[in-house]
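Have a look at the structure below, then the notes.
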Amino acid sequence: MPSITAVLHTHNDAGRLGRCLETLYPCDHILVVDHGSRDRTLDIARDYAAYIVNSVPEASPCHYLRITSPSWVLCLNPTESLSESLAASLYEWKLAPGGPISAFSVFLREETPDGWVEFSTAHTRLVPPGWSTWNDRLPADAANTVSLDGPLLRFAFP
């Protein structure tokens, strides 16, 4: 069965991190890369048994993946959470991974002052550890991915 390591980059995210970590139950490990938080971010990450590392200037995302040696990497921001249907999709995939797949993408739903907005383009978020194309801290979107069922929820308010 493939394992999933969730990777989050944090900086003073105590107000929103707990909501994100609470939804990562399909993940086998959580890696928090902290960028100098001065609030309770690290305490909250420890409460969820996250492995915490300090960010390294100019380090690539692959630098941090060598720490945990995951079989798959789920990248998200502290403002994002798995929906129940996305979590179920991850469990289903872990139980029956199927044939060779290069990466998975997810659709985003974003909270706005006027309500939720659904994006029609899927974004690559679940990748193998050898993934080499990054857009800052998240995987660069790729055309040859399989979309998982269920949205990734992006919250605008703590």
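The values are calculated or read from the model by the stated rules, or taken from the named source; none is laboratory data. Since the model is a prediction, treat every value here as computed from it, not as a measurement. Here the Cβ is made from the backbone with ideal geometry for all residues, glycine too, and neighbour counts use every protein chain on show. Surface areas here come from the heavy atoms of the whole protein model, side chains and all, with no ligands, DNA or RNA. Shrake-Rupley method; radii C 1.70, N 1.55, O 1.52, S 1.80 Å.
Looking only at the stretch 131-145, count how many residues are touching a residue at least 12 places away in the same chain (Cβ under 8 Å) and assigned to a loop (DSSP other than H, G, I, E, B). Quick ask: steps written out before the conclusion?
Taking the stretch 131-145 first, the residues touching a residue at least 12 places away in the same chain (Cβ under 8 Å) are 131-132, 134, 137-142, 144-145.
Checking which are assigned to a loop (DSSP other than H, G, I, E, B) leaves us with 131-132, 137, 140-142, 144-145.
Summing the residues that are touching a residue at least 12 places away in the same chain (Cβ under 8 Å) and assigned to a loop (DSSP other than H, G, I, E, B) in the stretch 131-145 gives 8.
Only one of S85, S102 is at pLDDT 95 or above and either open to solvent by 40 Å² or more (accessible area, probe 1.4 Å) or polar (S, T, N, Q) (or both); which? Before the answer, list the steps.
On the way: S102 fails: at pLDDT 95 or above.
One residue alone meets the criteria, S85.
I'm trying to understand the selection: among the residues of the stretch 112-132, which are within 17 Å of I67 (Cα to Cα) and in contact with a strand residue (DSSP E or B) (Cβ under 7 Å, 6 or more places away or on another chain)?
Within the stretch 112-132, the first condition is being within 17 Å of I67 (Cα to Cα), and the residues that meet it are 127-132.
V127, P128, P129, W131, listed by residue number.
Scan the stretch 18-32 for residues that are assigned to a helix (DSSP H, G or I) and over 10 Å from the mean Cα position of the chain (by Cα) and report the count. Before the answer, list the steps.
Of the stretch 18-32, the ones assigned to a helix (DSSP H, G or I) are 18-22.
Filter once more, keeping what is over 10 Å from the mean Cα position of the chain (by Cα): 18-19, 22.
Going through the stretch 18-32 one residue at a time, the tally reaches 3.
Name every residue in the stretch 59-82 that is more than 12 Å from the chain's Cα centre (by Cα) and in a loop (DSSP other than H, G, I, E, B), in order of residue number. Full working, then the answer.
Kept after step one, since they are more than 12 Å from the chain's Cα centre (by Cα), are these residues of the stretch 59-82: 59-71.
Selection gives A59, S60, S69, P70, S71.
Kindly list the number of the only condition in (1) in contact (Cβ under 8 Å) with a residue 60 or more places away in the chain; (2) surrounded by fewer than 17 Cβ atoms within 10 Å (Cβ to Cβ) that fails for L65.
(2)
In the list D114, D136, which residue meets the criterion of being farther than 26 Å from M1 by Cβ, under 14 Å from the mean Cα position of the chain (by Cα) and at pLDDT below 95? Break it down into steps so the answer makes sense when it comes.
Details: D114 fails: under 14 Å from the mean Cα position of the chain (by Cα).
One residue alone meets the criteria, D136.
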